[in-house]
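Structure record follows, encoded as C-alpha cells.
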Amino acid sequence: MERLKVPLSRPQVTDEDVEVVVKILKSGRLSLGPYLKLFEEHVAEYVGARYAVAVSSGTAALHLILKALDFSSEDVLIVPSFTFVASANVALFEKGDVVFVDIEPVTMNLDPTHLEVLLEKLAKDGKRVFLMAVDIFGHPIDWDAIYNLKYKYNFTIVEDSCEALGSEYKGRKVGTFGIAGAFAFYPNKQITTGEGGVLVTDDEKIAKLAKALRNQGRSEGAGWLEHEFVGYNYRMDELSAGLGWSQIKRIDDIIEKRNQAAQRYTSCLRYVELPVVKDYVTKMSWFVYVVKLPKGTTREQRNKIINYLNEQGIEARNYFEPVHLQRPYRELGWSEGTLPVTEEIAQRTVALPFYTDITVEEQEYVAYHLEKAIEYYL
Ligand SMILES: Cc1ncc(COP(=O)(O)O)c(C=O)c1O
C-alpha cells in the first residue's frame, strides 16, 4: 500500500473564504466592523437563538457565560471529566468549585443517573449549582433526562456545544438547551475562524453583559474610554468573523460531507467499537471520529497502537484524557478511581483522522493500518 500522510484534522478553506478575508484586509477595518455583526446574525439564525456574541475562543465564550451569570467562589459547577479541559477550567477562573460527573460508556456524554446522585448530595449544601452540559464529539446529550432532573433539582444549565455546531436533539439545535451555549471555531472544528468562539442565548441581559465584557467592560454606545465593568479583550477580529461568515454559509454541505466520511469509516473499520448515534439525534454534526479499542485494552496497548499509526503517517490521538487527572485538579484532591467509567473509556479511545474533505483513499489507508496495529498489539 502506498504510504500516505493523513493529518488528524484539516480545515476546509475555499477560494471564496480567501476572497472575503483579503477584501477585509484591504478595507482597513480589521476589528469591530460589519462582518462581526453579519457572522453573529448568521449564527443566531442558524441555531435558533435570539442573540449571538462572537468572541476570541470557545473558552472565552464559556467564561463570559459564567461571568454574566455571576458565577463565583460560592458556586459549584458540575462538569464531565471526559471533555476538553476548558469546560471545567472556566469555573476555576472564577474560583468556584468543580464537581465531576461520570459518563455513560456508549455516547461518552454525562450520565444522568450519576448526575442525579451528585445533585442529591449537593442539594444539602445549599450552594448554587451550575451544570456544564457538554455535547461531546458533536453528539447531543440526552436532554429529556437532563430536563427531568432540572425540574426536580434547581440548577442552571450552560451548554458547551463547542464541538457540536449544527447537531440537533429531537429537531432542535444544540447550544439552545441551557440559559446560554457556546461554540468554538479552532481549525479542527466543523467551521473555523482561525481562533474564535461564539455564545448564544435568548436572554437579553446575558447577551448585553457578554458584549460589554468581551470589549473591556464598555457598554453599548459607551465611549472608547468608558468602562462600566472590569472586562476582557475577548473580541473576535474582522478577519476571523469574515472567515466564519463565509464558512457558515455552507455549513449544511460541510455537515453532510462529514456525515458521509463518518459513514465510510463505519463501514470499513474492524475490531473496534464504533461511535453510536442515538435515535433522539435528528442531525449529527460530526466533530471527530473516535473509536474505542476492545474492552480490556490497556493504556500501554492503546498507546502502542497510536504510535504505530503515527509511524505510518497517520495522525491518530488519544482523545480525551480525563480532566480530573490533570495536575490542577489532582491538586484539588481528584485522583484515579473517582470516575470509573471515564477512566476506563479514556484509556481505550482513539481519535482517527477526520475532516470535511478526507478522501476515501485516506480513510481506507487508516482502516488498513488500524486493523494491522490491532492484530500486532492486542
Ligand atoms: C468541549 C470543548 N469545550 C471548550 C473548548 C474550547 O474552545 P477553544 O479552544 O476555542 O477555546 C473546546 C475546544 O476544543 C471543546 O472541545
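Please list, ordered by first then second residue, the pairs with beta carbon atoms under 6 Å, 6 or more apart or interchain, first in segment 275-294 and aliphatic (A, V, I, L, M), second in a strand (DSSP E or B) and open to solvent by less than 10 Å² (accessible area, probe 1.4 Å).
Short answer, once both residue conditions are applied: Val288/Ala351; Val290/Thr349; Val290/Ala351; Val291/Val350.
Taking the condition of a type in the set (A, V, I, L, M), assigned to a strand (DSSP E or B), within 22 Å of Leu339 (Cα to Cα) and away from the ligand (no atom under 14 Å from the Cβ), does Val99 pass? Don't jump to the end; show me each part of the working.
On the way: of a type in the set (A, V, I, L, M): yes; assigned to a strand (DSSP E or B): yes; within 22 Å of Leu339 (Cα to Cα): yes; away from the ligand (no atom under 14 Å from the Cβ): yes.
So Val99 fits the description; yes.
Quickly run through segment 1-21 and pick out the residues that are assigned to a helix (DSSP H, G or I) and either open to solvent by less than 60 Å² (accessible area, probe 1.4 Å) or at positive phi (or both). Can you show your working first?
So in segment 1-21, the residues assigned to a helix (DSSP H, G or I) come out as 15-21.
If the condition is that a residue be assigned to a helix (DSSP H, G or I) and either open to solvent by less than 60 Å² (accessible area, probe 1.4 Å) or at positive phi (or both), then Asp17, Val20, Val21 are the ones that fit.
Of everything in segment 41-52, what is open to solvent by 30 Å² or more (accessible area, probe 1.4 Å) and either within 16 Å of the ligand (Cβ to nearest atom) or not assigned by TED's automatic domain parsing to the domain that holds Glu238 (or both)? Give them in sequence order.
Initial filter on segment 41-52 (open to solvent by 30 Å² or more (accessible area, probe 1.4 Å)): 41-42, 45-46, 48, 50-51.
The answer is none; no residue qualifies.
Need at least 2 residues that are of a type in the set (Lys, Arg) and surrounded by fewer than 14 Cβ atoms within 10 Å (Cβ to Cβ) per element, so show me which helices (runs of 4 or more DSSP H) inside segment 283-378 make the cut, counting only ones lying wholly within it. Before you say what the answer is, go through the steps one by one.
On the way: elements: 299-311, 327-330, 340-346, 360-377.
Ranges flagged: 327-330.
Only one of Val174, Val198 is farther than 21 Å from Leu243 by Cβ and surrounded by 23 or more Cβ atoms within 10 Å (Cβ to Cβ); which? Before the answer, list the steps.
On the way: Val198 fails: farther than 21 Å from Leu243 by Cβ.
Every option except Val174 fails the conditions.
If Glu159 satisfies all but one of (1) within 24 Å of Ile191 (Cβ to Cβ); (2) more than 10 Å from the ligand (Cβ to nearest atom); (3) open to solvent by 10 Å² or more (accessible area, probe 1.4 Å); (4) among the charged types (D, E, K, R), what's the number of the condition it fails?
(3)
Could you give me the residue pairs with C-beta distances under 9 Å whose first residue belongs to segment 183-210 and is over 21 Å from Tyr35 (Cβ atoms) and modelled with pLDDT under 95, whose second residue is in a strand (DSSP E or B) and within 16 Å of the ligand (Cβ to nearest atom) wherever it lies, and which are 6+ apart or on separate chains?
That search, which allows pairs on different chains as well, returns nothing.
Per-residue answers, yes or no, for (1) within 11 Å of the ligand (Cβ to nearest atom); (2) buried (at least 23 other Cβ atoms within 10 Å of the Cβ):
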{"position": "Phe39", "(1), (2)": "no, yes"}
{"position": "Ala54", "(1), (2)": "no, yes"}
{"position": "Ala60", "(1), (2)": "yes, yes"}
{"position": "Asp75", "(1), (2)": "no, no"}
{"position": "Phe84", "(1), (2)": "yes, no"}
{"position": "Asn89", "(1), (2)": "yes, no"}
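Taking the condition open to solvent by 50 Å² or more (accessible area, probe 1.4 Å), touching a Phe, Trp or Tyr at 6+ places or on another chain (Cβ under 8 Å) and away from the ligand (no atom under 15 Å from the Cβ), does Asp125 pass? Spell out how you get there, then give the answer.
Details: open to solvent by 50 Å² or more (accessible area, probe 1.4 Å): yes; touching a Phe, Trp or Tyr at 6+ places or on another chain (Cβ under 8 Å): no; away from the ligand (no atom under 15 Å from the Cβ): yes.
So Asp125 fails the test.
The values are calculated or read from the model by the stated rules, or taken from the named source; none is laboratory data. Note that the structure is predicted; figures quoted are calculated from it, not measured. For neighbour counting, all protein chains shown are included, and Cβ atoms are generated from backbone atoms with ideal geometry for every residue, glycine included. Each accessible area value is taken on the protein alone, full model and side chains, heavy atoms only, with ligands, DNA and RNA left out. Shrake-Rupley method; radii C 1.70, N 1.55, O 1.52, S 1.80 Å.
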